[in-house]
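Written below as structure tokens is the structure these notes are about.
The values are calculated or read from the model by the stated rules, or taken from the named source; none is laboratory data. Keep in mind that this is a model prediction, so the values were computed, not measured. A quick note on method: Cβ atoms are made from the backbone with ideal geometry, for glycine too, and the neighbour counts reach across all protein chains shown. Accessible surface is based on the protein model in full, side chains and every heavy atom, while ligands, DNA and RNA are left aside. Shrake-Rupley method; radii C 1.70, N 1.55, O 1.52, S 1.80 Å.
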Amino acid sequence: WLLKYGPIKEAVVIDRQDEAGTKYLCAYLVAGAQLDLSDLKGYLAQQLPAYMVPAYFQQLEKMPLTPNGKINRKALPILAASKDQSLTGYLPPSNSTEAKLATIWEKILGVNKVGVNEDFFNLGGNSIKLAVLAARIHQEMNTKLPLSEIFKNSTIQNLARYITKAEQSNYVAIPRVAARDYYPAASAQKRLYVLNQLDQAGIGYNIPTVIKLAGALQPEKITAAFRQLLQRHEILRTSFKIEKGELVQVVAKEVAFEVDYFETDLASAKSVIEGLIKPFDLSKAPLLRAALIKLAANKHLLLFEVHHIVADGLSINILNRELRSLYEGKVLAEPPIQYKDFAQWQNDLLAGETLQKQEAYWLQAFRDSLPQLKLPTDYQRSTKPDLAGKVYSFVAEAEITQRLQELARETKTTLYMVLLAAYNLLLYKYTGQEDIVVGSPVTGRRHVDLENTVGMYANTLALRNYPSGQKDFGDFLAEVKEQALQAYENQDYQFEILVEKLNLDRIQSQNPLFETMFVLQEPNESDSGVREFAQVQFIPEEIQSVTAKFELTLEAIAREQTIKFNLEYRTQLFAEQTIKKMAGEYLRLLEILTANPPKTMRISGLIEVLEGEEEARISSQLREGKKEIADSFAEGFWEEI
């Protein structure tokens, strides 16, 4: 298969063994041109099972030969330098700046010995790791980098050159605040407090997590681990009240906490879990509850849920990871700060002049009349809010996923940007609107002190893009990239403040500024998948949402070889058949976009292809329907005779 790939003239694959006795494959190649590792691995992944794809590659000028003219396998270099060895060979740092960057990259990407000519995104960098990289560089090198510059300089060599010319910006730790009776709430908490009231204290802003536990579980250790989590993270002991007209958070020194215990069978487990998910009273701590459900001797389900006002998605990952460690009896380092420290720091930041430029950016972005997305619905919109919802799931298989990743590399974008651009096209197809706003969450953890702390840090970005039938997809994708990067740079400015500044009318049945969201969940090896702790397997279980905060939310979950999509919708507005049709069209869009060069596809042409295929499908169904009627008539006729 290697010899069938492009310019490869010679290839040798041998197996080697590391110190632990684990075997791995190494490929040595001679080619007529420089090879691209990502493209080569993608090609092999389509042809071979995963275990047959080499772990390491090395491109050579020529193969070493024995005196008899045969390949000298003993003379081939040993490859075990990194998780993704560059085909050009390892190029070491040549100065202290490159050396510091290499160390930072290795920690973030989880690889060993990164060469200075290797690309951050080809080594597994994504939007979350990009933000972490910028924060670490600021902390360790006193240089605050725009994310757009990391995109432009995505190798250590190029980034080091940029840093040597950049202005210094001293890193300052978030200060701890003195103890007092209550503390200011963060901007996101104020937003969620209002939304919780609009939800009439329902479960729309609960975050439930279900974990399968297989093995000899000790329930008392689970309870002890949760109590330690409550002591570690003050936000889990926090409640809320109105003080002098302002929302404040009250941190309790201690709270009573028990893990509820149930025994049932697997068939009844779902109804038990649904019964346990109930509203929180935000005035009473803790805003966390847990239940252990015994299914059999060595089979349990663990449900824990928190209110969104005290945790975000990354917080759930942190709690999962720490729960495992505490169950094992590990001693964890204390968090650098608590959430109340962040809230005070953020309030000081918002009151100062630092965010004036960010405010100017957002007000400029929405200076014109604001578009309202007019999605055709199956049922008439109501004036009363109804968050009842369902989720329809579908998958982009390995081949299309690989092609999406290749498209992102070729266009110097990310998977997030490609999928967001495609989602805009789907919305354009359904509405005909050339001015569309889509909401998208960001982690809001741009300071190193926030990386491993629990709380509600996430902010929402309102991304305004302009799909037009006359644009080609390449140009539109470039626009989406530019809009996303600018929004990332200005993400400290809080969405709720933007809504207030724009003086938007609040309609209870609608969200301000946008009615649809796009979310990409990118893989994080330390927080996902099956884990074993103290002879117990820890298996995260996906739980289907029964609420929909927006009319439509498209969530993409990037896995190792596929992408799973969850299309969440309000049942008050859409029928399931409509949502299935939209999902099918989105997948078809991805297929078309990855099968053609971006600059050759006009958006109008893409939509015409989709509409033409839909007309053909309907015509086919009508023909089949007429045939069924005719067959039915004939059968009835002969029965009568």
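Some observations on this one:
- Considering region 601-641, the residues that are part of a helix (DSSP H, G or I) and at pLDDT 85 or above include one that is nearest to LYS412 (Cα to Cα), namely ILE603.
- Some residue of region 298-305 being open to solvent by less than 40 Å² (accessible area, probe 1.4 Å), among the charged types (D, E, K, R), under 21 Å from ILE318 (Cα atoms) and assigned to a strand (DSSP E or B): yes
- Within the span defined as region 264-277, every residue fails to be open to solvent by 10 Å² or more (accessible area, probe 1.4 Å), under 27 Å from LYS190 (Cα atoms) and assigned to a strand (DSSP E or B).
- Only one of the listed residues (ILE174, ILE128, ILE156, ILE104) is surrounded by 15 or more Cβ atoms within 10 Å (Cβ to Cβ) and touching a Lys or Arg at 6+ places or on another chain (Cβ under 6 Å). That residue is ILE104.
- Residue list for region 375-385, restricted to those being exposed (fewer than 14 other Cβ atoms within 10 Å of the Cβ) and within 30 Å of ASN596 (Cα to Cα): PRO376
- Taken as a whole, the structure leaves ALA269 outside the set of residues that are under 21 Å from VAL177 (Cβ atoms), touching a residue at least 24 places away in the same chain (Cβ under 8 Å) and not aromatic (Phe, Trp, Tyr).
- Given (1) closer than 23 Å to LEU502 by Cα; (2) open to solvent by 10 Å² or more (accessible area, probe 1.4 Å), number of the condition ASN459 does not satisfy: (2)
- Against the list (1) loosely packed, with under 14 Cβ neighbours inside 10 Å; (2) within 24 Å of ILE543 (Cα to Cα), the condition ILE222 fails is (1).
- Qualifying residue in region 465-480 (condition: buried (at least 19 other Cβ atoms within 10 Å of the Cβ), among the hydroxyl-bearing types (Ser, Thr, Tyr) and at pLDDT 90 or above): no
- Test: residue in region 386-402 that is at negative phi, touching a residue at least 24 places away in the same chain (Cβ under 8 Å), buried (at least 20 other Cβ atoms within 10 Å of the Cβ) and touching a Gly at 6+ places or on another chain (Cβ under 7 Å): yes
- Hey, SER271 among the small types (Gly, Ala, Ser) and under 28 Å from the mean Cα position of the chain (by Cα) or not: no
- If you check PHE565, PHE574 for being at pLDDT 90 or above, surrounded by 17 or more Cβ atoms within 10 Å (Cβ to Cβ), touching a Leu at 6+ places or on another chain (Cβ under 9 Å) and over 30 Å from GLY474 (Cβ atoms), only one passes: PHE574.
- Residue list for region 131-150, restricted to those being in a helix (DSSP H, G or I) and open to solvent by 30 Å² or more (accessible area, probe 1.4 Å): VAL132, ARG136, HIS138, GLN139, GLU140, SER148, GLU149
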